[in-house]
Amino acid sequence: MGDGVLASTYRRLIKQLDKEVEWVDQKLNAAIEKESAWDEKKALLESVPGVGDVLVHTLLGDLPELGTLNNKQIAALTGVAPMNRVSGKLRGKRRIRGGRSTVRVVLYMAAVSAN
């Protein structure tokens, strides 16, 4: 098999995957539009520069508490709040840990791509 055949196969597969992603995005947007509370949250989130569909869908799906908790509670729930590591005489550094890793990863990628 030559390089040209492989390249055309990869292009065809990527085109099909792009269609699948578009289909899923359409389904997610339709579901969000049906729920007025989600639609309002989506509009608010999209008003922030750099926030796109992936971040909006992740926050709405994986962090439904958004808007009902304060900023410290949401930071802890997401796993971006520094937590003390203290036990007896042990005094450790404050590090982020726990929380919902899927949300944290998408937030990180959104921040990286916004730069």
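The values are calculated or read from the model by the stated rules, or taken from the named source; none is laboratory data. These numbers come from a predicted model, not from an experiment. Here Cβ is always computed from backbone atoms with ideal geometry, including for glycine, and neighbour counts include all displayed protein chains. Note: accessible area is taken over every heavy atom of the protein model, side chains too, but ligands, DNA and RNA are not part of it. Shrake-Rupley method; radii C 1.70, N 1.55, O 1.52, S 1.80 Å.
Scanning region 39-69 for residues that are on the phi < 0 side of the Ramachandran plot, in a loop (DSSP other than H, G, I, E, B), small (Gly, Ala, Ser) and surrounded by 12 or more Cβ atoms within 10 Å (Cβ to Cβ) yields a single hit, Gly52. For Leu69, indicate whether it is of a type outside the set (Asp, Glu) and at pLDDT 90 or above. Yes: the conditions hold for Leu69.
Residues of region 3-37 that are open to solvent by 100 Å² or more (accessible area, probe 1.4 Å) and of a type in the set (Asp, Glu): Asp3, Glu22, Glu33. Checked across region 4-23, the condition of being at pLDDT below 90 and in a helix (DSSP H, G or I) holds for at least one residue. Close Cβ contacts (under 6 Å, 6 or more residues apart or on different chains) running from residues in region 47-66 that are of a type in the set (Asp, Glu) to residues that are in a loop (DSSP other than H, G, I, E, B) comprise Asp62/Arg100.
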